[in-house]
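Just below is one structure, and these are the notes that go with it.
The values are calculated or read from the model by the stated rules, or taken from the named source; none is laboratory data. Please read these numbers as outputs of a predicted model, since none were measured by experiment. With ideal geometry, Cβ positions are generated from the backbone for all residues, glycine too; neighbour counts draw on all protein chains shown. Areas reflect the complete protein model, heavy atoms only, side chains present, ligands, DNA and RNA absent. Shrake-Rupley method; radii C 1.70, N 1.55, O 1.52, S 1.80 Å.
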Amino acid sequence: MSKPILDCSDLDRFMGVPIDPGRMVEPIANNDIRRWVQAMHYPNRIHYDAGFAAQSRWGQLIAPQSFAVTMDCAHGSAPSCIGGIPNSHMLFGGDEWWFYGPRMKAGDRILNERIPFDYTIKETKFAGPTCFQRGDNFYYNQDGELIAKQRSTSIRYSQEAGKDNVPTEGFEDPIWTDDELEALEERKMQWIQMLHDLGHNRRWWDDVVVGAALPERVFGPHSIVSFTTEWRAYTFTQWGGTHRRGDLDMEALGFVKEMAGHENDPVMEAINPELTDGAYIGPSRGHLFPRWARFIGMPRGYGYGASMGAWITDYFAGWAGEWGMVRHSAANYRSPALTGDITITTGSILDKFIDENGRHMVQVECRMANQLGAVLATAKGEIELPKRPD
């Protein structure tokens, strides 16, 4: 078998050059927020229960910190998937987030400024020569306040090499018995109960113990239905919901013709929008159709990298509570969630300190794995918590 070729020579001319910004057509609505947390399996009442939220420090529903990624027409990947790499495909490789304070809520209009950052080429077992490309997203509200910065990593590789390395033993979903599913629901409820127990109360920095474990979070089994629900929660997948990029050309980016299509094409959206939203035709359909998943190197339907990043942010933020805030996190995605699998998130407290700005911070880590122990993602983060008054 000949070694795959990955021509990344076109990328240099895009580095550091801003691309079209990401903008939604309408302001955020409460049901956008509700749809998002429902799709992300995040039952934090402050994001969906109007009565509960009215009693919070904000007095209304607010979006979770993870919601920023849906205020873009490519869930943060646009500046990290720019420039042509012939006969390639793309997977999410990781995200680094910085949060600056403002919270998103209904009525806000979010603008995402996007700038390609850098790239490097490494040899991988999965696909031979592989491009790890990064790009920055700066999310601002209508008042010009910077909400968050996302440095997204895209993994760009030879589609043919990925297809040749599909693990055939993973084609079938695992089977769960009724007893096993019932036990899973009990495990899920433990993390949800943590949210209820904290409620509107503060998690005090003073009470945090270095070395302590964070509560386990479990969800799944994943399915084509759950992944479809995730996809539809991204605002840009809704027909007419986004100001589409005029410079986007999937074939020019190097996607093979079977996976290129008209995803996010503003001209085709006005003619036949079913060809443009990615669920049926285009680079994203591998998530929902096993045939196309195997075509690009996945054994069966698989989850979205941006959703995995949201799960991590929600895991940290849910523990922090409404008086805390995730200030920074850095996540590496090793393997996607597959249909039939569950996702188990565990974490621990690494450190607590006062930063240079006088904020009381807790450093945390987490690990996502499936039921077999295969690692899906790892992350570290820094969370600001309130200090008990003297």
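Using a 7 Å offset from Cα along Cα-Cβ at Phe117, what residues in the stretch 132-153 end up with backbone N under 11 Å from the label point?
Within reach of a label on Phe117: 133-138, 149-153.
Considering only protein heavy atoms, with the full assembly of protein chains and a 1.4 angstrom probe, order Tyr140, Tyr100 by accessible area, largest first.
Values: Tyr140 55, Tyr100 105 Å².
Order by accessible area, largest first: Tyr100, Tyr140.
Per residue, how much accessible area does the chain have with a 1.4 Å probe, in Å²? Don't jump to the answer; show the numbers that get you there.
On the way: 16540 Å² over 390 residues.
Result: 42 Å² per residue.
Cα centroids of the stretch 254-278 and the stretch 142-195: how far apart, whole angstrom?
25
Among Ile62, Ile155, Ile354, determine the one that fluctuates most according to a GNM of the chain built with springs between C-alpha atoms less than 10 Å apart.
Ile354
Using the Karplus equation 6.51 cos²θ - 1.76 cosθ + 1.60 (θ = phi - 60°), what ³J(HN,Hα) coupling, rounded to whole Hz, does each residue of the stretch 112-121 give in order, writing x for Gly and Pro?
10, 7, 10, 9, x, 9, 6, 7, 8, 10
Using unit Cβ charges (K, R positive; D, E negative) and no other charged atoms, how large, in debye to the nearest 20, is the dipole of the chain about its Cα centre? Please report the intermediate quantities before stating the final value.
Numbers: 39 positive and 52 negative charges, 77 e Å.
Rounded to the nearest 20 debye, it is 380 debye.
Against the longest principal axis of the chain, how steep is helix 224-233, in degrees 0 to 90 to the nearest 10, with axes from Cα atoms?
So the inclination is approximately 80 degrees.
Rounded to the nearest 0.05, what FRET efficiency is calculated for Ala213 and Asp179 with R0 set to 22 Å and r the Cβ-Cβ distance?
On the way: r = 26 Å, r/R0 = 1.20.
Taking R0 as 22 Å, the efficiency between Ala213 and Asp179 is 0.25.
In µm²/s, what is D for the chain at 4 °C and 1.567 mPa s, where D = kT/(6 pi eta Rh) by Stokes-Einstein and Rh is the Kirkwood radius from Cα pairs? Write out the running numbers ahead of the final one.
Working: Rh = 21.5 Å.
After rounding, the answer is 60 µm²/s.
Under 8 Å for C-alpha pairs, at least 6 residues apart: give me the relative contact order for the stretch 150-243, rounded to a whole percent. Walk me through the numbers before you get to the answer.
Values: 20 pairs, mean separation 22.6, N = 94.
Answer for the stretch 150-243 is 24 percent.
Given an 8 Å cut-off on Cα distances and at least 6 residues of separation, report the relative contact order of the chain as a percent.
Working: 923 pairs, mean separation 76.7, N = 390.
After rounding, I find 20 percent.
Compute, for Leu350, the solvent-accessible surface of its heavy atoms (probe 1.4 Å) with the complete set of protein chains present, and express it in square angstrom to the nearest 10.
Rounded to the nearest 10, that gives 60 Å².
Specify the angular offset, from 0 to 90 degrees and rounded to the nearest 10, of the alpha carbon long axis of helix 178-198 from the longest principal axis of the alpha carbons in the chain.
50
Counting only protein heavy atoms, what percent of the accessible surface of the stretch 1-50 is carbon or sulfur at a 1.4 Å probe?
Numbers: 1400 of 2840 Å².
Answer for the stretch 1-50: carbon and sulfur cover 49 percent of the accessible area.
Output the Kirkwood hydrodynamic radius of the stretch 35-130, Cα pairs only, in Å rounded to one decimal. Please list the in-between numbers first.
Numbers: mean 1/r = 0.0608 Å⁻¹.
Value: 16.4 Å, from the Cα pair sum.
Can I get the semi-axes of the stretch 191-267's equivalent ellipsoid? Compute them from the C-alpha gyration tensor as square roots of 5 times the eigenvalues, in angstrom, largest first. Mind showing how you got there, number by number?
Numbers: eigenvalues 353, 53, 45 Å².
The three semi-axes for the stretch 191-267 are 42, 16, 15 Å.
For the chain: lysine pairs with Cα atoms under 17 Å, gap of 8 or more or different chains, count?
Details: Lys3/Lys122; Lys3/Lys125; Lys3/Lys163; Lys125/Lys163; Lys149/Lys380; Lys163/Lys257; Lys352/Lys380; Lys352/Lys387.
Lysine pairs satisfying the spacing and distance rule in the chain number 8.
What's the magnitude of the charge dipole for the stretch 187-336 around its Cα centre, counting Lys and Arg as +1 and Asp and Glu as -1 at the beta-carbon? Answer in Debye, nearest 20.
Values: 15 positive and 16 negative charges, 102 e Å.
Result for the stretch 187-336 is approximately 480 debye, rounded to the nearest 20.
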